[in-house]
């Protein structure tokens, strides 16, 4: 077996040497600290197949009779030997490989935390700003070693990865039919009115119409009718797919038709039925994200509501959010296009084009006071290492 030993001053350098000589798919067999640095034992990826095949053959031979007995039939040819669970062996090897890779990554990250104060400060700021440990670790791993302006570099990278709608694709300017979706309390009705107000100013009240599918919440239709009366815009209530199709068809002379939807939790079984209705009527959707929600909640909302018909998102309640790190994290990782942002209840004042400088400033703005959820600087190194070594789930490409 072509097992190789690599010794380097740091785990990061050892991993670089391994990649250069054995390739990116090399298997890490062990690692330990030695005098002068780190020792890593590695195996080239192509050796896995050869070793696995050898193990499988040996196992097959050991479980098959080696000689005939008085009552046995002639030994069958190798091709007819019983199947051996090769996939199980491969799975165990891959699991061991993954575990060792994570251990090496943790060792490398520990070195960075110990010797690179800028990377440590970056990770500390991102975690306290509400960014996920997953994204924060990725940034820390990718930050150039010579970089001394961690936050400035992060802002540049986030700007490259935060997607904002082009002026040519603005829904108010382009017109069409759009549904605003999202969980209860995210601000769908108010945001519908804000967008309608912008359209009325530009195209006139007779070119805008409002629809609602919310027949569950008490007063939902009446609330939208009040906004419609103030704006001079017609409001229609629809029930079911066919009613929605007919109503949209009757409003084809309108420049912009906005649909306010039922307020329900993202795990409500009706979410699927609502999506099917809009799919059948070919209605694109905008997902509203409550910036004051936790990262886990926003992640769950995107997972339950997202589809290829969701053309983008509108962050809401920016005025209620203590920090915007979780919001930006979710938007970046899911490659969501931001269309507008809202920060209050006033119609039409509290809706604005997306301002990345403002969002990033808010995300990294120092907190006025610590809260029970703030990481303490003394405990941070231990927390950072315990946050986990892997960065699985990063299935999108990033311009780092």
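The table below gives the values:
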| item | result |
| --- | --- |
| Criterion: farther than 27 Å from residue 326 by Cα, buried (at least 18 other Cβ atoms within 10 Å of the Cβ), at pLDDT below 90 and in contact with a strand residue (DSSP E or B) (Cβ under 7 Å, 6 or more places away or on another chain) - qualifying residue of 220, 209 | 220 |
| Residue list for region 169-215, filter: in contact with a helix residue (DSSP H, G or I) (Cβ under 8 Å, 6 or more places away or on another chain), assigned to a loop (DSSP other than H, G, I, E, B) and free of Cβ contacts under 8 Å to residues at least 60 places away in the same chain | 214, 215 |
| Failed condition for residue 188, given (1) surrounded by 21 or more Cβ atoms within 10 Å (Cβ to Cβ); (2) not assigned by TED's automatic domain parsing to the domain that holds residue 270 | (2) |
| Out of 388, 393, sole residue that is assigned to a loop (DSSP other than H, G, I, E, B), surrounded by 14 or more Cβ atoms within 10 Å (Cβ to Cβ) and at pLDDT below 85 | 388 |
| When residues of region 244-262 are limited to those that are in contact with a strand residue (DSSP E or B) (Cβ under 9 Å, 6 or more places away or on another chain) and part of a helix (DSSP H, G or I), the one farthest from residue 211 (Cα to Cα) | 250 |
| Matching strands (runs of 3 or more DSSP E) fully within region 1-84 where at least 3 residues are under 22 Å from residue 141 (Cβ atoms) and at pLDDT 60 or above | 27-34, 37-43 |
| Single unsatisfied condition, residue 300 versus (1) surrounded by fewer than 20 Cβ atoms within 10 Å (Cβ to Cβ); (2) closer than 26 Å to residue 199 by Cβ | (2) |
| Residue match in region 117-129 (condition: surrounded by fewer than 17 Cβ atoms within 10 Å (Cβ to Cβ), assigned to a helix (DSSP H, G or I), modelled with pLDDT of 75 or more and under 19 Å from the mean Cα position of the chain (by Cα)) | no |
| Selected residue (criterion: farthest from the chain's Cα centre (by Cα)) from residues of region 276-301 that are over 28 Å from residue 321 (Cα atoms) and touching a residue at least 60 places away in the same chain (Cβ under 8 Å) | 277 |
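The values are calculated or read from the model by the stated rules, or taken from the named source; none is laboratory data. The shown structure was predicted, so the numbers you read here are calculated from the model rather than taken from an experiment. Cβ coordinates were reconstructed from backbone atoms using ideal geometry, including for glycine residues, and neighbour counts include every protein chain displayed.
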